[in-house]
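*Asks:* Got a structure for you, questions after.
Nothing in this text is a laboratory measurement; each read-out follows from the coordinates by a stated rule. Since the structure is predicted, the reported quantities are computational estimates derived from the model, not experimental observations. No Cβ is skipped: glycine too gets one built from the backbone with ideal geometry, and neighbour counts run over all protein chains shown.
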Amino acid sequence: MSSARSFESLSVSRHRKTARRALTPLELATISRIADTLIPASGTIPSGSSVANYEGLLSQALGITDKNFDSIMQTLELFAHVNEPDLWERLKAFSLKEPSKFYWLSTVIVSAYLYAPENKARIGYPTPHPNPAGMFEIADELDSGVLDAVMERGPIYVSAD
């Protein structure tokens, strides 16, 4: 075997945990204004940017959607100097003209909002937890024939070298 090996990866790539860079004060102010326009406060429900750890959650959402980071930043530039009274109408027009760019911007905003602890608690969003099957559930599943094809196929050996 040659020293240059080729490997086929069967797994998905890892996503970034945070944005590739910190947002500038203008970018943060712009995305906060857009978030508050798209998700206005109502009664006891907080506005888009007023949730706890908003900036950290926003950074996580931007990290997960990293392939769209540059596009989102360019979109923020378009809205950086739009006056508050005009923002809603400009966002509506932008959503019709550039639906893909609006989708990614709004996805990041809504993701940061929904993952805020107070909102997860408000909507009853379950946190990850183990939920192992019981012994009888396992036996019933095995009796259903779920592994028959694997057993018929036999063992498969793939060298790690």
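*Asks:* Looking only at the stretch 125-158, count every residue that is part of a helix (DSSP H, G or I) and surrounded by 10 or more Cβ atoms within 10 Å (Cβ to Cβ) and tell me the total.
*Replies:* Within the stretch 125-158, the subset part of a helix (DSSP H, G or I) is 135-143, 148-153.
So of that shortlist, the ones also surrounded by 10 or more Cβ atoms within 10 Å (Cβ to Cβ) come out as 137-142, 148, 150.
Counting residues in the stretch 125-158 that are part of a helix (DSSP H, G or I) and surrounded by 10 or more Cβ atoms within 10 Å (Cβ to Cβ) gives 8.
*Asks:* For the stretch 111-125, which positions are closer than 21 Å to Thr30 by Cβ and either touching an Asp or Glu at 6+ places or on another chain (Cβ under 9 Å) or among the small types (Gly, Ala, Ser) (or both)?
*Replies:* Within the stretch 111-125, Ser111, Ala112, Ala116 qualify.
*Asks:* So which residues in the stretch 76-93 are over 22 Å from the mean Cα position of the chain (by Cα) and surrounded by 17 or more Cβ atoms within 10 Å (Cβ to Cβ), if there are any at all?
*Replies:* Hits for the stretch 76-93 are Phe79, Val82, Leu87.
*Asks:* Let me ask something else. Looking at the stretch 125-140, I want the residues that are within 27 Å of Tyr113 (Cα to Cα) and have a partner that is part of a helix (DSSP H, G or I) with Cβ atoms under 8 Å, at least 6 apart or on another chain. Which pairs are those?
*Replies:* That search, which allows pairs on different chains as well, returns Tyr125/Leu114; Tyr125/Asn119; Thr127/Lys120.
*Asks:* If you don't mind, another one. Can you find, within the stretch 101-114, the residue that is farthest from Val51 (Cα to Cα) among those that are surrounded by fewer than 16 Cβ atoms within 10 Å (Cβ to Cβ) and in contact (Cβ under 8 Å) with a residue 24 or more places away in the chain?
*Replies:* First, pick out the residues of the stretch 101-114 that are surrounded by fewer than 16 Cβ atoms within 10 Å (Cβ to Cβ): 103, 107, 110.
This time we only want the ones that are in contact (Cβ under 8 Å) with a residue 24 or more places away in the chain, so: 107, 110.
Numbers: Thr107: 16, Val110: 11 Å.
Among those residues, the one meeting the criterion is Thr107.
*Asks:* Determine, yes or no, whether Val108 is out of contact with any strand residue (DSSP E or B) (no Cβ under 7 Å at 6 or more places or on another chain) and either more than 30 Å from Thr30 (Cα to Cα) or of a type in the set (Ser, Thr, Tyr) (or both). It would help to see each step written out before you state the result.
*Replies:* Details: out of contact with any strand residue (DSSP E or B) (no Cβ under 7 Å at 6 or more places or on another chain): yes; either more than 30 Å from Thr30 (Cα to Cα) or of a type in the set (Ser, Thr, Tyr) (or both): no.
Against the criterion (out of contact with any strand residue (DSSP E or B) (no Cβ under 7 Å at 6 or more places or on another chain) and either more than 30 Å from Thr30 (Cα to Cα) or of a type in the set (Ser, Thr, Tyr) (or both)), Val108 does not qualify.
*Asks:* I want to confirm something. Restricting to the stretch 19-75 and keeping residues that are of a type in the set (A, V, I, L, M, F, W, C) and surrounded by fewer than 16 Cβ atoms within 10 Å (Cβ to Cβ), which single residue is farthest from Leu114 (Cα to Cα)? Even if it seems obvious, please write down each step before you answer.
*Replies:* The first filter runs over the stretch 19-75 and keeps only residues of a type in the set (A, V, I, L, M, F, W, C), leaving 19, 22-23, 26, 28-29, 31, 34-35, 38-39, 41, 45, 51-52, 57-58, 61-62, 64, 69, 72-73.
Cutting the leftovers down to surrounded by fewer than 16 Cβ atoms within 10 Å (Cβ to Cβ) gives us 22, 26, 29, 41, 45, 52.
Working: Ala22: 21, Leu26: 23, Ala29: 19, Ala41: 14, Ile45: 12, Ala52: 11 Å.
The residue in question is Leu26.
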